[in-house]
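What follows draws every value from the coordinates through simple rules; no lab data is involved. What you see is a predicted model, and the numbers here were worked out from it, not measured in a lab. Heads up, the Cβs are rebuilt from the backbone with ideal geometry, glycines too, and the neighbour counts pull from every protein chain shown.
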Amino acid sequence: VLTSRTAYIDSTLALEVRASMRGRQKFHLGREKFFAQSYTIACTKGAPFRIAFNSLLSQMVESGLINKWKKEQLDKISSKTIESEPNPTEAITLAHLQGAFFVYALGCGSAALAFCAERLHSQRKRSGAPTASTLVKTLMNNQDL
């Protein structure tokens, strides 16, 4: 956006945060809002605290507390320089993929265990040795007597 003659359309807060991160003075944010955006907090239907909660939220918005908090956060962001941001083109290393390898190894181990269990079960079934299911059936039949 800085190097081209284009405009970027997004929610107001998201644009303010991005502009603050890259230097607020480099951007112009329009004052006119053509698409009203609001945020809500979901609660269960008929919640006893809903009326009091709505009242407190309205008081915070009307007193300017929300805008004050937003301005404080944007000032914190703009005080950080763009150099403090992580490099978005950083190369992926093995450390980044470590979690994926752990999950992969866990899945391979689980598959190997399941394969061995099935193999043992089928060998016992073919050899005529009692399997777990036949032992359970035998026990259930003996209890019925």
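Provide Rg and Dmax in Å for the stretch 94-141, with only Cα atoms included in the calculation.
Rg, Dmax (Cα atoms, Å): 17.7, 57.
If I take R0 = 35 Å and measure r between the Cβ atoms of Ser79 and Thr44 in this structure, what FRET efficiency does the formula 1/(1 + (r/R0)^6) give, to the nearest 0.05?
0.30
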